[in-house]
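Below is one structure; the comments refer to it alone.
The values are calculated or read from the model by the stated rules, or taken from the named source; none is laboratory data. If you're wondering where the values come from, they're calculated on a predicted model, not measured in any experiment. Positions of Cβ are generated from backbone atoms using ideal geometry, with glycine treated the same way; all protein chains shown enter the neighbour counts. For accessibility, only protein heavy atoms count, side chains too; no ligands or nucleic acids. Shrake-Rupley method; radii C 1.70, N 1.55, O 1.52, S 1.80 Å.
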Amino acid sequence: MSQELYTNIAIFVLSILVGFEVISKIPSTLHTPMMSGANAIHGVVVVGTILIALEAHSVLFYVIAFIAVFLASINVSGGYVVTDRMLQMFSKPKKTDDQKQDGGDK
Amino acid sequence: MYLVSAACYVIGLHMMRTPKTARNGNRVSAVGMIIAVIMTFLIVINKHEATMTGSIVLAAGLILGLAYGTIRARTVEMTDMPQLVSLFNAVGGGAAAAIGTFDYLSLTAGSHISFAFSFPVALDLVIGGVTFSGSLIATGKLAGNISGKPISFPGAKLLNAIVVIVIVAAVVLTIGFPVNAWWLVLTLVASLIFGILMTIPIGGADMPVVVSLLNAFTGLAVAMAGFVIDNQALIIAGALVGAAGTILTLQMAAAMNRSVMNIIAGGFGTGDSNSAAAD
């Protein structure tokens, strides 16, 4: 096993632990937006597809790379936009409470 | 360094824990994503390895994908959002599987490959394939194109078992033997079929939990793709989503007083699982 692989495995394990920690107890109303938000984050796969697309040297690889880039960019753009809309939607009824609190603080 | 974008994801997810900061949390994570993409382009430009056609393919894919994703996300009805999230999840898994396919096929046929390379490739294909077809089925069910009710048929268990055996065999062939494109195709096809079989018997209120589970799977597939192409941004974000998605799935299931195993296994025939529970 190479040094690089060790580093990657260490990063993998630590990221899993961070992932477990960061979503410990969240209110159930936020489950769906949270899922959508996490969905947008794994759109990071677009980074990988950019890297492979520029390595392609024959028709077969161009096709695979195109599919990969196309799918990944749908994931990343759609993921963030839809999460934003979702959160925008259900923060509205809460806003009056928040504003009251903010006003109180001032 | 992808460290900045990784930090943005963690902070973003953390801020999404309360409704008040959730929207900003999503934006922080989006900024992290933009940084990651820009850095990737900088790396690529520095390397001077890009081919002309490759760049065109990349640009075309990016523009079409970004446009399609944004338009769909902006125009979708609020009530249709769950299936759209599931669709975005499917394409993420598909992209991860495509990366694995690309890197495996770019090896010369018949040569021996190291375990450290072939193992993540095989996992990437299996998880990515299962998520891709599974999420598409989930999308269809949520959208009403496929019956939302649990669909089970005689011999489903046997068929499942056969497909699992084929997947295991194909993975062993892919890992343990010299490069051969057919084993890769077999792995991919069997995984796609398993994704369909896994999702099709699940229905009704259990769907969001399944979508969340598949979301966690996609995270893992992306992390595996990160191992394949040795890219740490993919490993970090993928593992983060894999873990966060798993916790989320457990919480969603707990909120409905159901266990995840119950939901997945319950799909294999509602009558069967009841009698099994009685035993």
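Contact map, the range B:180-208: residues that are on the phi > 0 side of the Ramachandran plot paired with residues that are modelled with pLDDT under 85 and open to solvent by 60 Å² or more (accessible area, probe 1.4 Å), Cβ distance under 9 Å, separation 6+ or inter-chain. Pairs shown: B:G204/B:K149; B:G204/B:P150. Would you say B:F227 is in contact with a Lys or Arg (Cβ under 8 Å, 6 or more places away or on another chain) and either at pLDDT below 85 or facing another protein chain (nearest Cβ under 7 Å) (or both)? No.
Looking for something free of Cβ contacts under 8 Å to residues at least 24 places away in the same chain, within 10 Å of chain A (Cβ to nearest Cβ) and not hydrophobic (A, V, I, L, M, F, W, C) - is there at least one such residue anywhere in the range B:131-145? Checked the range B:131-145: no residue is free of Cβ contacts under 8 Å to residues at least 24 places away in the same chain, within 10 Å of chain A (Cβ to nearest Cβ) and not hydrophobic (A, V, I, L, M, F, W, C). Of all the listed residues (B:L234, B:L192, B:L213, B:L184), the sole one being within 12 Å of chain A (Cβ to nearest Cβ) and open to solvent by 10 Å² or more (accessible area, probe 1.4 Å) is B:L213.
Here the condition is being under 19 Å from B:S212 (Cα atoms), open to solvent by 20 Å² or more (accessible area, probe 1.4 Å) and not in a helix (DSSP H, G or I); of B:P154, B:P150, it holds for B:P150 alone. On inspection, B:T79 fails the criterion of being facing chain A (nearest Cβ under 7 Å), open to solvent by 40 Å² or more (accessible area, probe 1.4 Å), assigned to a helix (DSSP H, G or I) and not aromatic (F, W, Y).
Mind counting the residues in the range B:112-147 that are open to solvent by 40 Å² or more (accessible area, probe 1.4 Å), outside any helix (DSSP H, G or I) and closer than 15 Å to B:L184 by Cα? Count: 1.
In the range B:1-53, what residues are of a type in the set (S, T, N, Q) and outside any helix (DSSP H, G or I)?
B:T18, B:T51
Of all residues in the range B:243-257, those satisfying the criterion of being at the interface with another protein chain (Cβ under 7 Å from one of its Cβ atoms) and open to solvent by 10 Å² or more (accessible area, probe 1.4 Å) are B:I247, B:Q251, B:M252, B:A255.
The rows are residues; the columns are (1) open to solvent by 10 Å² or more (accessible area, probe 1.4 Å); (2) without any contact (Cβ under 8 Å) to a residue 60 or more places away in the chain; (3) closer than 17 Å to A:V45 by Cα; (4) among the hydroxyl-bearing types (S, T, Y).
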residue: B:N46; (1), (2), (3), (4): yes, yes, no, no
residue: B:I63; (1), (2), (3), (4): yes, yes, yes, no
residue: B:S86; (1), (2), (3), (4): no, no, yes, yes
residue: B:D103; (1), (2), (3), (4): yes, no, yes, no
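Taking the range A:16-58 as the range and being within 26 Å of B:N46 (Cβ to Cβ) and of a type in the set (G, A, S) as the test, the residues that pass are A:G43, A:G48, A:A53, A:A56, A:S58. For the range B:67-76, the set of residues classified as open to solvent by less than 80 Å² (accessible area, probe 1.4 Å) and within 14 Å of A:M86 (Cβ to Cβ) consists of B:A73, B:V76, listed by residue number.
Does B:S55 count as touching a residue at least 40 places away in the same chain (Cβ under 8 Å) and either among the hydroxyl-bearing types (S, T, Y) or surrounded by fewer than 21 Cβ atoms within 10 Å (Cβ to Cβ) (or both)? Don't jump to the end; show me each part of the working.
On the way: touching a residue at least 40 places away in the same chain (Cβ under 8 Å): no; either among the hydroxyl-bearing types (S, T, Y) or surrounded by fewer than 21 Cβ atoms within 10 Å (Cβ to Cβ) (or both): yes.
Here the answer is no, as B:S55 does not meet what is asked.
Table: residues versus (1) buried (at least 21 other Cβ atoms within 10 Å of the Cβ); (2) at pLDDT below 85; (3) more than 12 Å from every other protein chain (Cβ to nearest Cβ).
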| site | (1), (2), (3) |
| --- | --- |
| B:V179 | no, yes, yes |
| B:I202 | yes, yes, yes |
| B:G238 | yes, no, no |
| B:V241 | yes, no, no |
| B:S259 | no, yes, yes |
| B:N262 | no, yes, yes |
